[in-house]
1. Go through segment 109-147 and count every residue that is open to solvent by 10 Å² or more (accessible area, probe 1.4 Å), aliphatic (A, V, I, L, M) and either part of a helix (DSSP H, G or I) or farther than 26 Å from Gly55 by Cβ (or both).
2. So which pairs qualify, if the first residue must be in segment 155-168 and closer than 13 Å to Lys78 by Cα and without any contact (Cβ under 8 Å) to a residue 24 or more places away in the chain, the second must be open to solvent by less than 30 Å² (accessible area, probe 1.4 Å) and of a type outside the set (Gly, Ala, Ser), the Cβ gap must be under 7 Å, and the two must be at least 6 apart or on different chains?
3. Just give me the residues in segment 96-106 being open to solvent by less than 70 Å² (accessible area, probe 1.4 Å) and of a type outside the set (Gly, Ala, Ser), in sequence order.
4. Is it the case that Glu76 is of a type in the set (D, E, K, R) and either touching a Phe, Trp or Tyr at 6+ places or on another chain (Cβ under 6 Å) or under 19 Å from Pro135 (Cβ atoms) (or both)?
5. Restricting to segment 61-75, name every residue that is open to solvent by 40 Å² or more (accessible area, probe 1.4 Å), in a helix (DSSP H, G or I) and either under 22 Å from Tyr126 (Cβ atoms) or of a type in the set (D, E, K, R) (or both).
6. Looking only at segment 1-11, which residues are open to solvent by 40 Å² or more (accessible area, probe 1.4 Å), closer than 22 Å to Leu131 by Cα and either assigned to a loop (DSSP other than H, G, I, E, B) or among the polar types (S, T, N, Q) (or both)?
7. Kindly provide the set of residues from segment 76-108 that are touching a helix residue (DSSP H, G or I) at 6+ places or on another chain (Cβ under 9 Å), touching a residue at least 12 places away in the same chain (Cβ under 8 Å) and not in a helix (DSSP H, G or I), ordered by number.
8. Checking Glu24 against (1) at pLDDT below 95; (2) open to solvent by less than 80 Å² (accessible area, probe 1.4 Å); (3) touching a helix residue (DSSP H, G or I) at 6+ places or on another chain (Cβ under 8 Å); (4) not basic (Lys, Arg): exactly one of these is not met. Which one?
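The values are calculated or read from the model by the stated rules, or taken from the named source; none is laboratory data. Note that this is a predicted model, so its numbers are computed, not measured. Note that each Cβ is placed from the backbone with ideal geometry, even for glycine, and that neighbours are counted across all protein chains shown. In case anyone asks, the SASA skips ligands and DNA or RNA and just uses the protein heavy atoms, side chains included. Shrake-Rupley method; radii C 1.70, N 1.55, O 1.52, S 1.80 Å.
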Amino acid sequence: KLAQEKEGYLYPETYFFPPNVTTEKDIVDRLTLAFEQTIAKPMDAEIKDWSARTGRDLSDLMTMASILEEEVRTTEDKKIVADLLWRRIKEGMPLQVDATLAYVIHKTSAQMTLADLKKDNPYNTYTNKGLPPGPISNPSKDSILAAMNPTPNKYVFYLSDKDGITHFSKTLDEHNRL
């Protein structure tokens, strides 16, 4: 439960803890400290500059970065998807991201049904516009930087195939064919 409360702000890294003496609080404290030392402090000025330019806060940044972390694999794809998703928000479109719904219903994209996509939940970005209430994972620095520095593009849709390859399209017809 403690880790869930800190979702998005626990730095993902390999850690070693002594068995049988480490508490959940010890683990959460260590991951939180790593986030502070790796992201919050070193990137403070960059995050503040990004926030001033975009009108968004750290919570928005970490939420978007967590979505990128779960949705796409490569740095280049994360930057393209970041631009696409920030544009969807700006244009009042729903994000329509499977990872946010998977976070709460515990199904993969392949397991989701049309009924799942209609479920009333604040993390359902098919039925709700804008970002979900908070991060859905603990993003890497790579995902955070991608959320802050998106690659401008004209894509409107994307999907990741079973091999983790991201396919982009500019039209719904093209997207449906993919």
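1. Qualifying residue count, segment 109-147: 6.
2. Here the result reads His167/Tyr158, each pair linking segment 155-168 to a residue that is open to solvent by less than 30 Å² (accessible area, probe 1.4 Å) and of a type outside the set (Gly, Ala, Ser).
3. Filtering segment 96-106 for residues open to solvent by less than 70 Å² (accessible area, probe 1.4 Å) gives 97-105.
Within segment 96-106, Val97, Asp98, Thr100, Leu101, Tyr103, Val104, Ile105 meet the criteria.
4. no
5. Glu69, Glu70
6. Hits for segment 1-11 are Gln4, Lys6, Tyr9.
7. Met93, Pro94, Leu95, Gln96, Val97
8. (2)
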